[in-house]
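> Please see the structure below; I have some questions.
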């Protein structure tokens, strides 16, 4: 009887994967290349934006991180060896994570097939739709609900038209930030309860 149950579950999973070809391609790439899923508006590796706290991060990854203060508003727990940073508001007593930053050496991909370090600005726009990038020093940022992609800017300080940036295959996604779906300011509003 247990074997029949396992066969049913396997057939159900195969049917689901076959019905979602883009998802199955991402899963296959993940299995081959050791990449991890970056979930828009949710998080990475069991740390969830808007829900998990700095204590949850320490429980999952340990105390070996660099604490970076960003003015009077936020703090960043940077695990450089993992390529992950977790941001929380300093005024939030619970220290809830509002942003997870992923960059090399972290190897991640989104459910829509954008692969960090491999996909270009053109791939981001193809997967997520048109967006006007904002220049941010060494990268261009494309923001969508729950996620922001940073694409390398080979000419910092110079603003280029979107058509030129999209036409360049060599501009790769260098970082992916998971954000709260609510948007708005980075630091979450205080909840007295």
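> Using all Cα-Cα distances in region 34-179, what percent lands in each 10 angstrom bin from 0 up to the longest?
Result returned by the calculation: 12, 41, 33, 13, 1.
> By how many nm would the segment from residue 104 to residue 91 grow when fully extended, if each residue of separation counts as 0.36 nm and the alpha-carbon distance is taken off?
Taking 0.36 nm per residue and subtracting the Cα distance, the gain is 1.7 nm.
> What is the order of 78, 63, fewest Cβ neighbours within 10 Å to most?
In order of increasing Cβ crowding within 10 Å: 63, 78.
> At a 10 Å Cβ-Cβ cut-off, how would you order 180, 53, fewest neighbours first?
Ranking 180, 53 by Cβ neighbours within 10 Å, fewest first, gives 53, 180.
> Taking a quarter of the surface of the Cα convex hull of region 79-126, what do you get in nm²?
Mean projected area of the Cα convex hull: 4.5 nm².
> What is the pair-distance distribution P(r) of region 34-78, computed from all Cα-Cα distances in 10 Å bins starting at 0, with each bin given as a whole percent?
Calculated over all Cα pairs of region 34-78, the distribution is 23, 49, 27, 1 percent.
> List 174, 151 from most exposed to least, where exposure is judged by having the fewest other Cβ atoms within 10 Å.
By the 10 Å Cβ count, ascending, the order reads 174, 151.
No value in this document is a laboratory result; all are computed from the given coordinates. If you're wondering where the values come from, they're calculated on a predicted model, not measured in any experiment. Cβ: placed from backbone, ideal geometry, glycine included. Neighbour counts: every protein chain shown.
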